[in-house]
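Worksheet for the structure shown next.
The values are calculated or read from the model by the stated rules, or taken from the named source; none is laboratory data. These figures come from a predicted structure and were not determined experimentally. Glycine gets a Cβ as well: all are built from the backbone with ideal geometry, and neighbour counts include every protein chain shown. These accessible areas exclude ligands, DNA and RNA; they are computed on the full protein's heavy atoms, side chains included. Shrake-Rupley method; radii C 1.70, N 1.55, O 1.52, S 1.80 Å.
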2 protein chains.
Amino acid sequence: MKVLSKSSEYGLRALLYMVRKQNEQEYVSIRDLSEQLDISFYFLTKILQTLTQANLLVSYRGPNGGIAFKVPPEKIMLSDVVRVLEGSDFFDKCLLGLPGCGEMAPCPMHEFWKEIKGALKQEFDTTSLAEMGHNAQIRSLRLIP
Amino acid sequence: MKVLSKSSEYGLRALLYMVRKQNEQEYVSIRDLSEQLDISFYFLTKILQTLTQANLLVSYRGPNGGIAFKVPPEKIMLSDVVRVLEGSDFFDKCLLGLPGCGEMAPCPMHEFWKEIKGALKQEFDTTSLAEMGHNAQIRSLRLIP
DNA sequence: TTCTTTGCAGATAAAACACTCTTAAAAGCG
DNA sequence: CGCTTTTAAGAGTGTTTTATCTGCAAAGAA
C-alpha cells in the first residue's frame with residue numbers, strides 16, 4: 001500500500017530528522033540532511049524548496065545556512081505536509097479513481113471508502129511532526145537502519 | 001491519496017461490473033467490459049489475464065467466450081484482488097518507504113501507521129466483491145457517470 | 001573585493017508506470 | 001478444412017514520476 005509519493009516520504013523523513021536536531025543548531029543544511037538520510041541532495045533540495053514556499057520552513061543562504069522550521073513542529077500536522085507535497089485533494093479521492101464519484105453519484109465503494117478515508121484524515125490532521133519526531137531513534141530514519 | 005494503481009482500479013471496476021451482470025450470462029467478453037467501462041481493451045485484457053492466472057477468474061476463448069468468476073464473488077475479498085494486482089506485501093509497507101522498518105527497528109511512524117494499516121487491512125479482508133457490487137448502479141462504474 | 005558556502009530555478013536524463021500493438025492459440029461455425 | 005471470434009503472450013510506445021545537472025543569487029569570511 002503505497003500511500004505517499006517519494007517526495008512525501010523524503011520530505012517527512014527530513015522534517016522528522018529536523019525535529020530531533022532542532023535544539024542543536026538553528027539552520028540545518030540540506031547537504032547534511034541528504035547525507036544523514038541517504039536521500040539524493042538534488043531531489044531533497046526540490047522537496048524542501050516546496051515546503052519553504054508553502055511557509056512551513058524558512059531558508060538561509062551562505063555559510064552555516066540551511067533550513068529551519070518557520071512554524072514550530074508542534075503546530076505542523078502530518079496532513080499539512082502531505083497536502084503541500086501531494087496536493088490539497090489528497091484525502092478526497094475515489095478509491096476507483098472515478099472523477100464523477102461523490103455523494104451525488106457514488107461508486108459502489110464510495111461509502112466504504114469514505115469511512116476509511118475519514119478516519120485516516122482524522123489521524124493525519126491531529127498528529128503533529130513534533131509528536132512523531134520524538135518517537136524513535138534518528139538512525140531509524142535512515143535507509144539502512 | 002492514491003492507494004491503488006490504475007491496474008487495481010480497472011480490475012476492481014470490471015469485477016464489480018461482473019457481479020451485477022453475473023446472472024445474465026455465463027461469460028462476459030473483455031471487449032464488452034472495456035466498452036461499457038471506458039477502459040482500454042488492451043490494458044484491461046492484461047489485468048484480467050493476471051486475475052485468471054491467480055485463479056480468481058476462468059476464461060474461455062472463441063465466439064461467446066469471455067471471462068467468468070472461478071470463485072463465487074461472495075468469497076472473493078477486496079484484499080484478494082488487491083494482493084494479486086499490487087503484490088502480496090500490499091498491507092505491510094512502511095509509510096516512509098523504509099525497507100528496514102519493522103518491529104525490530106521501527107521508524108518514528110511505525111506504531112502510528114501500523115494501527116491505521118491494520119484497520120484498513122481488516123476492512124479489505126472482510127468485504128467481498130459481492131457485497132460491494134450490489135451497492136450501486138452500474139453506470140456509476142463508468143468513467144462519466 | 002574576491003572566494004567559499006549555501007539555497008533557488010530551470011533544463012535534462014533515467015526509471016517506473018500506463019497503455020498499445022502484433023502475433024499466436026483456442027474455440028465455434030459453415 | 002477455412003473463417004471468424006475471442007483470450008494469451010510478449011514486444012513496443014508514451015507519459016509521469018523520480019533523479020540529476022547546470023547556472024545563478026544570496027550571504028559570510030578572508
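Below are the figures for this structure:
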{"read-out": "Whole-Hz ³J(HN,Hα) from phi, Karplus 6.51 cos²θ - 1.76 cosθ + 1.60, for segment A:97-108, glycine and proline x", "value": "x, 7, x, x, 5, x, 4, 6, 9, x, 6, x"}
{"read-out": "For residue B:46, label point 7 Å along C-beta direction: distances to other copies, nm", "value": "2.4"}
{"read-out": "Peptide B:111-124 - average C-beta neighbours from other chains (10 Å radius)", "value": "3"}
{"read-out": "Proximal lysines relative to residue A:93, as straight alpha-carbon distance under 21 Å, when same-chain residues fewer than 8 apart are discounted", "value": "A:2, A:6, A:114, A:117, A:121, B:2, B:6, B:93, B:117, B:121"}
{"read-out": "Computed accessible area, residue B:10, all protein chains, 1.4 angstrom probe, square angstrom", "value": "50 Å²"}
{"read-out": "Residue with peak Gaussian network fluctuation, chain B [Cα springs, cutoff 10 Å], from B:33, B:129, B:95", "value": "B:95"}
{"read-out": "Cα long-axis angle, helix A:6-21 against chain A (0 to 90 degrees, to the nearest 10)", "value": "50 degrees"}
{"read-out": "Area of residue B:27 that stays accessible when all protein chains are in place (1.4 Å probe, Å², to 10)", "value": "60 Å²"}
{"read-out": "Largest to smallest accessible area among A:127, B:45 [probe 1.4 Å]", "value": "B:45, A:127"}
{"read-out": "Label spacing, shortest first and in nm, from residue B:60 to its equivalents in the remaining copies (7 angstrom along Cα→Cβ)", "value": "7.5"}
{"read-out": "Shielding by partners - mean other protein chain Cβ count within 10 Å, residues of B:97-104", "value": "4"}
{"read-out": "Probe 1.4 Å, all protein chains present, accessible-area order of A:31, A:13, B:83, largest first", "value": "A:31, B:83, A:13"}
{"read-out": "FRET efficiency for residue B:5 and residue A:121, using Cβ-Cβ distance with R0 set to 35 Å, rounded to 0.05", "value": "0.95"}
{"read-out": "Solvent exposure ordering (accessible area, 1.4 Å, most first) of A:40, A:128, A:5", "value": "A:40, A:5, A:128"}
{"read-out": "FRET E, pair residue A:32, residue A:89, Förster distance 30 Å, beta-carbon r, rounded to 0.05", "value": "0.35"}
{"read-out": "Per residue value of the accessible surface for the protein assembly as shown (all protein chains in place, 1.4 Å probe), Å²", "value": "50 Å²"}
{"read-out": "Hits among lysines - C-alpha to C-alpha of residue B:70 under 21 Å, sequence gap 8 or more where chains match", "value": "B:21, B:46"}
{"read-out": "Carbon + sulfur, % of accessible area of segment B:6-138 - ligands and nucleic acids excluded, 1.4 Å", "value": "47 percent"}
{"read-out": "Cut-off under 5 Å, modelled amide H: who pairs with residue A:57 long-range", "value": "A:52, A:70"}
{"read-out": "Two-site FRET efficiency, residue B:52 against residue A:64, from Cβ-Cβ distance with R₀ of 35 Å, rounded to 0.05", "value": "0.05"}
